[in-house]
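Report on the following structure.
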Amino acid sequence: QYTSGSTSEPKGVVISHRNLAHNLKIIVHNLQASTSTIVVSWLPLYHDMGLIGSYLGCLFCGGSGFYLSPLSFIRNPVLWVELISRHRGTHMQAPNFAYALVARKYLARRPAPTLDLSCVQHMINAAEPVHELDIERFYAVFEASGLPRRVFPTYGLAEHTVFVCSNGRQVLTVDKSLLERERKVVLLQDSEAAGAMRVVGCGFPGEAEGVEVEIVNEEGVALGQGRVG
């Protein structure tokens with residue numbers, strides 16, 4: 001499969017059947033997916049989060065899936081949450097921009113459709129930088145529709161098949177200048193301070209699942225705590 005090109009030019013990655021099976025087991029475990037899982041997805045199947053996360057993951061756990069074209073989503077973003085409500089979707093995946101877009105378009109609809117999103121168990125936010133404000137706005141817009149606070153920042157990469165870790169809830173305030181110029185993570189106490197930046201955590205990988213994460217430099221040398229690789 002090809003990498004998405006989020007941090008560099010897309011490149012081909014060889015994925016074995018063993019890689020795929022191992023990653024699907026991790027996904028099912030972390031998302032607590034089962035035969036009662038219902039996926040509602042618009043993600044393209046040429047992207048690893050769409051193909052492996054939303055499609056093969058659903059097959060692997062024995063759940064049910066409802067899939068629409070990415071073009072249908074772009075034409076009518078609110079259709080996604082309408083289908084989640086209609087089909088009682090439990091597990092969804094999307095990049096950060098989708099949560100911001102759906103919330104904005106829903107508020108612009110007159111009259112806004114009546115939804116019941118109490119069925120949601122796990123919504124992955126991944127494949128691009130995750131923004132705290134976009135998640136909170138999504139919650140605020142759909143709170144009246146029964147949406148539980150179940151949107152989880154998630155980290156993955158094609159070189160690891162797709163999934164690494166999820167269920168992140170930690171949000172840190174860091175010095176933006178030091179992060180961008182010196183690639184250092186320096187924590188700040190005041191989120192309103194000049195130069196402060198909020199960053200969202202993506203949880204921790206499970207060592208028992210055979211997943212280890214190490215931050216290294218371009219030569220492959222491990223870096224210390226608070227450094228960007």
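Rounded, prolate or oblate: which fits the range 114-178 when a ≥ b ≥ c are the square roots of the eigenvalues of the alpha-carbon gyration tensor, with rounded for a/c under 1.5 and prolate only if a/b beats b/c?
oblate
Check Phe204: other-chain or 5+ apart residues with amide H under 5 Å from its amide H, H built from backbone geometry?
HN-HN under 5 Å from Phe204: Ser166.
Subtracting the Cα-Cα distance from 0.36 nm times the residue separation, let me have the gained length for Arg149 to Ala193 in nm, one decimal.
13.1 nm
Going by how many other Cβ atoms sit within 10 Å of their own, how do Tyr2, Tyr67 line up, fewest first?
Tyr2, Tyr67
Note the full-extension length gain between Ala222 and Lys184 as 0.36 nm times their separation in residues minus their Cα-Cα distance, in nm to one decimal.
Details: separation 38, 0.36 × 38 = 13.68 nm, distance 1.44 nm.
Full-extension gain reported as 12.2 nm.
Between Gln170 and Ala21, what is the FRET efficiency for a Förster distance of 35 Å, r being their Cβ-Cβ separation, to the nearest 0.05?
In this case the efficiency is close to 0.70.
When only Cα pairs under 8 Å and 6 or more residues apart are kept, what is the percent relative contact order across the range 154-213? Each step should come with its number before you reach the end.
Numbers: 94 pairs, mean separation 21.8, N = 60.
Once divided by the residue count of the range 154-213, the mean separation gives 36 percent.
Show me, for the range 156-168, the HN-Hα J-couplings you get by feeding each phi into the Karplus relation (A = 6.51, B = -1.76, C = 1.60, θ = phi - 60°), rounded to Hz, glycine and proline as x.
Those phi angles translate into x, 7, 4, 5, 10, 6, 6, 8, 10, 7, 8, 6, x Hz.
Using the Karplus curve 6.51 cos²θ - 1.76 cosθ + 1.60 with θ = phi - 60°, what ³J(HN,Hα) values do you get for each residue of the range 209-225, in whole Hz, with x for Gly and Pro?
After applying 6.51 cos²θ - 1.76 cosθ + 1.60, I find 8, x, 10, 10, 10, 10, 8, 10, 8, 5, 8, x, 7, 5, 9, x, 4 Hz.
What number, rounded to the nearest 500 deg cm²/dmol, is the helix-based mean residue ellipticity at 222 nm of the chain, given -39500 (n - 2.57) per DSSP H run of at least four residues and division by all its residues?
Working: 7 runs with 66 residues, N = 229.
Computed mean residue ellipticity for the chain: -8500 deg cm²/dmol.
If contacts are Cα pairs under 8 angstrom and at least 6 residues apart, what is the relative contact order of the chain in percent? Please list the in-between numbers first.
Values: 412 pairs, mean separation 35.9, N = 229.
Worked out over the chain, it gives 16 percent.
Provide Val185, Val151, Val200 in ascending order of the number of other Cβ atoms located within 10 Å of each residue's Cβ, fewest first.
Val185, Val200, Val151
How large are Rg and Dmax for the range 1-104 when calculated on the C-alpha trace, in angstrom?
Rg then Dmax for the range 1-104, in Å: 14.3, 41.
With θ set to phi - 60° and the Karplus curve 6.51 cos²θ - 1.76 cosθ + 1.60, what are the ³J(HN,Hα) couplings of the range 12-28 in order, to the nearest whole Hz, using x for Gly and Pro?
Each residue's phi maps through the Karplus curve to give x, 10, 7, 10, 8, 4, 5, 4, 5, 4, 5, 5, 5, 4, 5, 4, 4 Hz.
Could you tell me the center-to-center distance, by alpha carbons, between the range 114-193 and the range 42-109 in angstrom?
Their Cα centres are 17 Å away from one another.
Would you please give the residues with an amide H less than 5 Å from that of Gly65, counting only those at least 5 places away or on a separate chain, with H modeled from the backbone geometry?
Val39
Can you put Phe138, Phe66, Phe73 in order of Cβ neighbours within 10 angstrom, beginning with the fewest? Kindly include the intermediate steps, with their values, before the conclusion.
Values: Phe138 25, Phe66 16, Phe73 21.
Starting with the residue having the fewest Cβ neighbours, the order is Phe66, Phe73, Phe138.
With a ≥ b ≥ c taken as the square roots of the eigenvalues of the C-alpha gyration tensor of the range 163-229, please select rounded if a/c is under 1.5 and otherwise prolate if a/b is larger than b/c or oblate if it is not?
oblate
Once you sort the root eigenvalues of the Cα gyration tensor of the range 109-229 as a ≥ b ≥ c, which label holds: rounded (a/c under 1.5), prolate (a/b larger than b/c) or oblate (the other case)?
On the way: a/c = 2.75, a/b = 1.47, b/c = 1.87.
Verdict is oblate for the range 109-229.
Values in this text are rule-based calculations from the coordinates and carry no lab data. Just so it is clear, the structure is predicted and the values come from calculations on it, not from any experiment. Don't worry about glycine lacking a Cβ; one is built from the backbone with ideal geometry, like all the others, and counts go over all protein chains shown.
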